[in-house]
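These notes concern the structure reproduced below.
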Amino acid sequence: MGGQSGGVVRTPRQFVDLKLASAAVILMILAVSLPVVRASPVRVVIAIGFVLFISGYALIASLFPERSSSEDAQQADSGIDYLERVVLSFGASITIVVLVGLTLNFTPWGITFASVIVALSGITLGLIALATVRRRDQAP
């Protein structure tokens, strides 16, 4: 079949969550940079979602790259399910934000709006890239 040597073929559906997380990072950067959105309450909603969920989701996706499905639910090693992934994401996000703030406090840039946005965006995009590689390379 098309010269594939027994490897797992990943469909685009398996990376939808990571693509949505990347889009959320870009949306957040636009929301805090564009003057039209910056003056509206939409900015607060986007920033809260990013700070409380997206960065932690990227970490959890990189730590647990396996995706549970209905067939895998019967196996003991199927990884974490969606509810566990969501709950862990909230806790991990809060931890990441605290650690970023603590780290930035000891840098020459300090804790400013711009430094927090740059640091969180960079860490989140790096974790999304790691999760993508880990999920792509995951054995069947």
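May I ask you to say which residue of 55, 69 is open to solvent by less than 50 Å² (accessible area, probe 1.4 Å), at pLDDT 90 or above and polar (S, T, N, Q)? Explain how you work it out, then say what you get.
Numbers: 69 fails: at pLDDT 90 or above.
55 is the lone residue from the list that is open to solvent by less than 50 Å² (accessible area, probe 1.4 Å), at pLDDT 90 or above and polar (S, T, N, Q).
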When you scan region 111-133, do you find a residue that is over 20 Å from the mean Cα position of the chain (by Cα) and without any contact (Cβ under 8 Å) to a residue 60 or more places away in the chain, even just one? yes
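Any residue that is on the phi < 0 side of the Ramachandran plot, open to solvent by 80 Å² or more (accessible area, probe 1.4 Å) and at pLDDT 80 or above - is there at least one of those in region 9-17? Lay out the reasoning, then the answer.
Residues of region 9-17 on the phi < 0 side of the Ramachandran plot: 9-17.
Filter once more, keeping what is open to solvent by 80 Å² or more (accessible area, probe 1.4 Å): 9, 12-13.
Add one more test, that the residue is at pLDDT 80 or above, and what stays is none.
Scanning region 9-17 turns up no residue that is on the phi < 0 side of the Ramachandran plot, open to solvent by 80 Å² or more (accessible area, probe 1.4 Å) and at pLDDT 80 or above.
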Filter result for residue 121 (closer than 14 Å to residue 21 by Cβ and surrounded by 15 or more Cβ atoms within 10 Å (Cβ to Cβ)): yes
Kindly indicate whether any position in region 108-115 is under 15 Å from residue 48 (Cα atoms) and in a helix (DSSP H, G or I). yes
Looking for something buried (at least 18 other Cβ atoms within 10 Å of the Cβ) and either under 14 Å from residue 129 (Cα atoms) or modelled with pLDDT under 75 (or both) - is there at least one such residue anywhere in region 25-44? yes
Tabulated pairs, region 83-99, first closer than 18 Å to residue 18 by Cβ, second assigned to a helix (DSSP H, G or I) and of a type in the set (S, T, N, Q), C-beta under 6 angstrom, 6+ apart or interchain: 93/55; 96/55
Could you go through region 91-112 and let me know if any residue there is among the aromatic types (Phe, Trp, Tyr), modelled with pLDDT of 90 or more, open to solvent by 40 Å² or more (accessible area, probe 1.4 Å) and under 27 Å from residue 14 (Cα atoms). no
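The values are calculated or read from the model by the stated rules, or taken from the named source; none is laboratory data. Just so it is clear, the structure is predicted and the values come from calculations on it, not from any experiment. Here the Cβ is made from the backbone with ideal geometry for all residues, glycine too, and neighbour counts use every protein chain on show. All accessible areas refer to the heavy atoms of the entire protein, side chains included, with ligands and DNA or RNA removed. Shrake-Rupley method; radii C 1.70, N 1.55, O 1.52, S 1.80 Å.
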